[in-house]
Structure formats: C-alpha cells, structure tokens
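I am attaching a structure below and will ask some questions about it afterwards.
The values are calculated or read from the model by the stated rules, or taken from the named source; none is laboratory data. This structure is a prediction, so every number in the text was calculated from the model and none was measured. Here the Cβ is made from the backbone with ideal geometry for all residues, glycine too, and neighbour counts use every protein chain on show.
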Amino acid sequence: MANPTTSSKNYGSSPTEPLKEAAANAADKAKDAAAGFGNKAKEAASAVGEMVGNAASTVGSTVSNTADRVTSATGSGVKHLGETIKDKGPQQGIFGSATRAVADTLQEGGQYLEQEGFSGMIEDVTQLIRRNPMPAILVGIGLGFLIGRTLRS
C-alpha cells in the first residue's frame with residue numbers, strides 16, 4: 001500500500017518541496033507575464049508616440065498653411081492700400097512724390113507678402129541671420145532691452 005504523504009515523484013526529505021516548486025513555477029509565469037506586459041506597454045507607448053508625432057506634424061502643417069493664407073491675404077490688402085493711396089493722394093509737388101514713394105513701397109511689400117507668405121518670410125529672415133549673425137544678435141539685444149524698458153515702466 002502506498003504512503004499517503006508521498007506521491008510518485010521523489011521530493012526528498014522535505015514536505016515543502018512541492019510548495020517550493022509550485023512557487024518557482026508561479027514566479028516564472030509571473031516574470032513571463034510581466035515581460036509580455038512590458039513589451040505590450042512599450043509597443044503601445046511607441047504607437048501613441050507615433051500618433052502624437054503625426055498629429056503634431058499635421059497641426060504644424062495646418063498652422064503653417066493658415067499662416068501662409070493669412071499673410072497672403074494681408075499682402076493683398078497692403079498692396080490694395082498702396083494702390084488706393086497712389087490713386088487718391090496728391091499727384092503734384094513734394095506731397096505727390098512722398099505719396100508715390102509710400103504707395104510704391106506698400107505695393108512692393110504687399111506683393112512680397114502675397115507671393116512669399118509666412119513661410120517664405122521666415123526662410124528669408126533665417127537666411128539674413130545666417131549671413132549677418134552679429135548684427136542679428138545686436139538687434140535682438142536691442143529689442144530685448146526696449147521691450148524690458150517698456151514692460152518695467
């Protein structure tokens with residue numbers, strides 16, 4: 001007759017061996033589950049990061065397109081203002097010369113804004129700063145000083 005405290009496996013002299021083995025198996029399964037969960041979490045985080053990046057790119061593109069449209073519309077308005085000043089302003093004498101100069105400048109500026117848009121302006125300013133870094137730094141310092149004085153008053 002078989003002894004009720006022993007089974008067909010040989011667990012040695014300790015009656016806690018089956019419990020230790022079960023605990024080890026449970027720990028291994030928990031580690032595997034945690035590793036699987038960690039991988040799934042990484043995949044999910046990566047997917048969310050990619051979606052956020054795509055959304056940011058779309059928003060940035062939309063903002064850029066909107067800024068270009070607004071700048072182009074502003075340029076059209078400035079160009080029209082220059083035409084109006086040229087048509088309605090004085091035509092003779094010193095005031096006529098000044099009116100034509102202001103109107104021509106407004107028309108040229110409006111045409112530039114209309115053609116280049118906001119992104120073209122940013123590109124041109126970037127190129128200007130690259131060609132002239134020291135004056136750009138000095139202008140930045142001067143503007144910062146003026147803004148600081150204005151806000152402090």
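For residues in region 76-111 being surrounded by 14 or more Cβ atoms within 10 Å (Cβ to Cβ) and hydrophobic (A, V, I, L, M, F, W, C), which is farthest from Asp124 (Cα to Cα)?
Ile85
Condition first: polar (S, T, N, Q) and either under 19 Å from Ser76 (Cβ atoms) or in a helix (DSSP H, G or I) (or both). Now tell me which residues in region 107-145 satisfy that.
Our first condition is that a residue be polar (S, T, N, Q); within region 107-145, this holds for 107, 111, 115, 119, 126-127, 132.
Selection gives Gln107, Gln111, Gln115, Ser119, Thr126, Gln127.
With the structure loaded, tell me whether Ser97 is modelled with pLDDT of 85 or more and polar (S, T, N, Q) or whether it fails that test.
On the way: modelled with pLDDT of 85 or more: yes; polar (S, T, N, Q): yes.
Yes; evaluated as a whole, the condition is true for this residue.
Moving on to the next point. Pairs please, first residue from region 78-100 and within 18 Å of Gly110 (Cα to Cα), second anywhere and exposed (fewer than 13 other Cβ atoms within 10 Å of the Cβ) and not polar (S, T, N, Q), Cβ atoms under 6 Å, 6+ apart in sequence or on different chains.
Thr99/Pro90
From the list Ile122, Ile147, which residue is surrounded by 10 or more Cβ atoms within 10 Å (Cβ to Cβ), farther than 28 Å from Gly82 by Cβ and either of a type outside the set (Asp, Glu) or in contact (Cβ under 8 Å) with a residue 12 or more places away in the chain (or both)? So that I can check it myself, show each step before the final result.
Values: Ile122 fails: farther than 28 Å from Gly82 by Cβ.
Checking each option against the conditions leaves just Ile147.
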